[in-house]
1. In this structure, is residue 189 in a loop (DSSP other than H, G, I, E, B), modelled with pLDDT of 95 or more and surrounded by fewer than 22 Cβ atoms within 10 Å (Cβ to Cβ)?
2. Evaluate the range 119-139: report whether one residue or more is closer than 30 Å to residue 251 by Cβ, modelled with pLDDT under 90 and either in a helix (DSSP H, G or I) or not assigned by TED's automatic domain parsing to the domain that holds residue 88 (or both).
3. Tell me the residue from 149, 165 that is in contact with a strand residue (DSSP E or B) (Cβ under 8 Å, 6 or more places away or on another chain), more than 23 Å from residue 220 (Cβ to Cβ) and surrounded by 20 or more Cβ atoms within 10 Å (Cβ to Cβ), please.
4. Just to be sure before I move on: is residue 161 under 30 Å from residue 224 (Cα atoms) and not assigned by TED's automatic domain parsing to the domain that holds residue 229 in the structure I sent?
5. Have a look at 36, 51 and point out the one that is modelled with pLDDT of 85 or more, touching a helix residue (DSSP H, G or I) at 6+ places or on another chain (Cβ under 7 Å), assigned to a loop (DSSP other than H, G, I, E, B) and surrounded by 12 or more Cβ atoms within 10 Å (Cβ to Cβ).
6. Would you call residue 261 modelled with pLDDT under 85, closer than 20 Å to residue 182 by Cα and surrounded by 11 or more Cβ atoms within 10 Å (Cβ to Cβ)?
7. Which number in (1) in contact (Cβ under 8 Å) with a residue 24 or more places away in the chain; (2) on the phi < 0 side of the Ramachandran plot marks the one condition that residue 179 misses?
8. Which residues, taken from the range 190-225, are touching a residue at least 60 places away in the same chain (Cβ under 8 Å) and either touching a strand residue (DSSP E or B) at 6+ places or on another chain (Cβ under 7 Å) or under 26 Å from residue 247 (Cβ atoms) (or both)?
């Protein structure tokens, strides 16, 4: 995936504000009746207030619950969705030690199984429990920990989520990075069902992500390069387990297949049967002759001598031609191919490339 696009995804998760954009695309697949709705802001505030009202008296220091309830009552329809997940986390952290623990660990590479198990046992209302998981998934996406975020987001229900647009967007971002094309298209199409109502940053990026994943061809150089970057990302986060090795093995298998396909194409493009009668001892159909005999060539037998130079410099491209070739490679292939080929040229120039066996 383009690194600028990845940066935009992370920035979209960081940006605030519910600014919406009118729909500008009449694609048939996006014109159907929306399959989800955006919950009313007042309903979310009422749910939070009801939960706070039912907490035991010793759940928080004196006055804390009353202060939190007043804060939520003052959230108007215009401001209720601004940083909604952060506001919910602030409230839950103030009255629940398990949520505070989870929040403290979210910014590190610590194992999250223990605080997640504690969260499940906390007895939080379903809407708040799922909102905390959505917040955590969003934080993991910001840290590019997509393989950890997706399992959290995949199990959340759009129909009961307090911020379904954020859920669909961040789920699609994970699926896009992890190259789950079908899953990404489904999430993005559902998100764009309400394109005129969702935040502008989600709508714009959803269109870009959809175009990108729809054009991606399985086992192409681009597809392989993205999986290589995913392996690098996993290793940067200290994830060298079976999942990472599985991706690595898939990359190797795809490279082998690509090499085999290119070799097959090269063989098919080679002329068959030499250059006519007497073409290198092959018959008319390009098969070896049945018997050893003169091939019947009519040429004079003279070989034109060419001066190919002398010394160790034979085979080295002039600097300007080598740079021109590298520029062409840079236009057609990912950057790491250019780097590999540059190293090859350097080995040729210094005489350290293995010589062909006679």
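1. Numbers: in a loop (DSSP other than H, G, I, E, B): no; modelled with pLDDT of 95 or more: yes; surrounded by fewer than 22 Cβ atoms within 10 Å (Cβ to Cβ): yes.
In short, no.
2. For the range 119-139, residues closer than 30 Å to residue 251 by Cβ, modelled with pLDDT under 90 and either in a helix (DSSP H, G or I) or not assigned by TED's automatic domain parsing to the domain that holds residue 88 (or both): absent.
3. Numbers: 149 fails: in contact with a strand residue (DSSP E or B) (Cβ under 8 Å, 6 or more places away or on another chain).
None of the others qualify; the one that does is 165.
4. Details: under 30 Å from residue 224 (Cα atoms): no; not assigned by TED's automatic domain parsing to the domain that holds residue 229: yes.
So residue 161 fails the test.
5. Working: 51 fails: assigned to a loop (DSSP other than H, G, I, E, B).
Residue meeting the stated conditions: 36.
6. Values: modelled with pLDDT under 85: yes; closer than 20 Å to residue 182 by Cα: no; surrounded by 11 or more Cβ atoms within 10 Å (Cβ to Cβ): yes.
When the stated conditions are applied, residue 261 does not pass them.
7. (2)
8. Of the range 190-225, the ones touching a residue at least 60 places away in the same chain (Cβ under 8 Å) are 190, 192-205, 207-209, 212, 221-222, 225.
Listed by number, the residues that qualify are 196, 197, 198, 199, 200, 205, 208, 209, 212, 221, 222, 225.
The values are calculated or read from the model by the stated rules, or taken from the named source; none is laboratory data. These numbers were taken from a predicted model, which means no experiment stands behind them. Cβ atoms come from the backbone with ideal geometry, glycine included; neighbour counts cover every protein chain shown.
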